[in-house]
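The values are calculated or read from the model by the stated rules, or taken from the named source; none is laboratory data. This one's a predicted model, so the numbers in the text were calculated from it and none came from an experiment. Every residue, glycine among them, receives a Cβ derived from its backbone with ideal geometry; neighbour counts consider all protein chains shown.
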Amino acid sequence: MRTLLTVVGDGTATPVLETALLAARKFDGRVIGLNALTTEYAVVFGGEMGFSVSSEVDRTLEREGHDRRVAARALFDNFMRSHNVPVTAEETAPAQGVSAEWREESGRQNAVVGSLGRVFDLIVVERPTKLASLAEATLEDALFESGRPVLMAPPTTPTTIGENIVIAWNGSTETARTVALSMPYLALASKVEVLSVDGAMQPGPSGDDLAAALRRRGIAATFRMLSAANHFAGEKFLAEAKVLGCDLLVKGAYTQSRLRQMIFGGATRHIIMEAEIPVILAH
């Protein structure tokens, strides 16, 4: 987990940067702050083809985009400076310790993150505050297009990350992949608890099987089956993680289809919208 692509969209990015820095300190990582500028055009009627681009509106959008990018860069630089993290080019990065780099790309933020993220160890994004938002689109493109694990930063950052880890285990391929991608954090954790919810398992290995496999790797993992009672699986995982003082949740994303979860709800959907702790997700 040495390279962390961190989305810095605007002035709300501080929790994302705080979470990324906590994660990077575990491995002397490099935090790459990414700002993607979307080029959009206003169309007005007129001209030979029946429409044309308003150059006046185009210049306004370009100027506003430039201003947002300048503000995002200032936020990133000031944050790193306040935490004594050097912001350098790749060729001048220090050999040891956490470092940072600023990167700008043109294109819609979610598409850029889904594509560029393929060459990074971890992608750090904000937790969406509402459905059908750019933040949600960015998270989902990172999940479905990058092939890399995604660290979702909560609105309020904990003081530690990865010391006390809960794995939300349902036996699925998606969760197995997420556990494998999270292994660097699991190997350093002081406590790892595998949790499953009765009635929410997929055909596959049990939580006991996973805990035993982790112990064979030297990870002191335990397992517990939770009774769902009147709660959905996502609610149960978050409630139990809070009771345990968990500072990182590992969860496979969208074992059920994304469309089904959008309509009927599901554990992934609930955790994405409600988690108050950092969550590593993969699909």
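Below is a table of values for the structure above.
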quantity: Selection within the range 111-137 - touching a Lys or Arg at 6+ places or on another chain (Cβ under 9 Å) and either modelled with pLDDT of 95 or more or among the small types (Gly, Ala, Ser) (or both); calculated: Leu116, Gly117, Arg118, Val119, Phe120, Asp121, Leu122, Ile123, Ala135, Ala137
quantity: Selection from the range 237-271 of residues that are in a helix (DSSP H, G or I), modelled with pLDDT of 95 or more, under 14 Å from Ala200 (Cα atoms) and not hydrophobic (A, V, I, L, M, F, W, C); calculated: none
quantity: Qualifying position, being buried (at least 24 other Cβ atoms within 10 Å of the Cβ) and not polar (S, T, N, Q), among Ala137, Ala180, Ala142; calculated: Ala142
quantity: Residue in the range 198-211 that is touching an Asp or Glu at 6+ places or on another chain (Cβ under 7 Å), buried (at least 20 other Cβ atoms within 10 Å of the Cβ) and closer than 18 Å to Gly252 by Cβ present; calculated: no
quantity: Some residue of the range 81-88 being at negative phi, over 18 Å from the mean Cα position of the chain (by Cα), at pLDDT 95 or above and assigned to a helix (DSSP H, G or I); calculated: yes
quantity: Matching residues in the range 160-169 - criterion: being within 15 Å of Gly207 (Cα to Cα) and either among the β-branched types (Val, Ile, Thr) or modelled with pLDDT under 95 (or both); calculated: Ile165, Val166, Ile167
quantity: Search result, residues across the range 143-168 that are of a type in the set (Val, Ile, Thr) and over 11 Å from Leu248 (Cβ atoms); calculated: Val150, Thr156, Thr157, Thr159
